[in-house]
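For reference, the structure is listed below as structure tokens.
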Amino acid sequence: MELPIFPLNAVLFPGAAMPLHIFEERYKLMMGECLRERRPFGVALIRQGREVGEPAEPLDVGTIAQIAAVERLPEGRMNLVCVGADRFRIVRHISREPYLKSEVDVLAEPVEEDEETRSLAQRVADIFSEYAGLEIALSGGWSRETMLPSAPGSLADQIASRLPLGLPAKQRLLEELSPRMRLNGERVILSAAVRRLQPLVASAHATRWQGLPRLN
């Protein structure tokens, strides 16, 4: 399929939302056409170049983005919220003016719904909930239930989008099609994060209680 490509210093995962502020002429034109024709566009991490100015070269694997909401601003600018759909791989670039258009293949992840994968997904969901609770506790907030999808692939993508990872690590998770492999990688990352946060939260909790008056 042919897809307009938006190279960004960001990784969009299927099912995740991403806000965008559109102000460059080429991208105002791109989004205007996508909105008129109700077409998606592609988000891909920049391999070389910058978001603004000269055209940037994207990595081959990205995510198809559907426009979910738009706020039109003066001078043709707009604020958008897009939602990730399928992964894609760029086959070839068709044109670069006024914006990048590419021929892409849609990438399908393997179906991994066996008992081992479902069990792994539940373990990773539990560790992520613990991690999220520790992050909230460290900031002094109130813990609340974390809503996560049950399907292994969707769960892996949702967690990947919410983890504070560097762009290369996020891109590796995007390029990995196997839900089981993504979940295994996230299990390692989350387990290490929980071990790091637990003593910090305990120390912060003790410090807060030390400042309170004691009732005898």
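Bear in mind these aren't lab numbers, they're just calculated from the coordinates by the rules spelled out. Because the structure is a prediction, the values reported are computed rather than measured. Cβ sites come from the backbone with ideal geometry, for glycine too, and all protein chains shown count toward neighbours.
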Residues whose built amide H sits under 5 Å from the amide H of Leu107, excluding neighbours closer than 5 in sequence, are Arg87, Phe88, Arg89
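Can you give the FRET efficiency for Arg39 and Ala17, using 1/(1 + (r/R0)^6), R0 = 22 Å, r = Cβ-Cβ distance, to the nearest 0.05? Show your work: numbers first, answer last.
Numbers: r = 19 Å, r/R0 = 0.84.
Efficiency, from the Cβ-Cβ distance: 0.75.
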For the Asn9, Glu115 Cβ pair and Förster radius 45 Å, calculated FRET efficiency rounded to 0.05 is 0.70
Rounded to the nearest 10, the angle in degrees between the Cα long axis of helix 179-210 and the longest principal axis of the Cα atoms of the chain comes to 50
Candidates for mean projected area of the Cα convex hull in nm² are (i) 15.9; (ii) 20.7; (iii) 18.6, and the calculated one carries label (i)
Checked segment 115-210 with the C-alpha gyration tensor, a ≥ b ≥ c its square-rooted eigenvalues, rounded below a/c of 1.5, otherwise prolate if a/b is larger than b/c and oblate if not; verdict prolate
Nearest 10, in degrees from 0 to 90: the angle of helix 152-162 to the longest Cα principal axis of the chain is 80
Summing -39500 (n - 2.57) over every DSSP H run of at least 4 residues in the chain and dividing by its residue count gives a helix-only mean residue ellipticity at 222 nm, to the nearest 500 deg cm²/dmol, of -14000 deg cm²/dmol
For segment 32-38, Karplus-derived ³J(HN,Hα) couplings (6.51, -1.76, 1.60; θ = phi - 60°; whole Hz; x for glycine and proline) come out as x, 5, 4, 5, 5, 9, 6
Nearest 10, in degrees from 0 to 90: the angle of helix 115-138 to the longest Cα principal axis of the chain is 70
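In percent, what relative contact order does the chain have, based on Cα pairs under 8 Å that are 6 or more apart in sequence?
Normalised by residue count, the contact order of the chain is 21 percent.
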Taking a label point 7 Å from the Cα of Leu107 along Cα-to-Cβ, the residues of segment 37-56 whose backbone nitrogen sits under 13 Å from it are 43-45
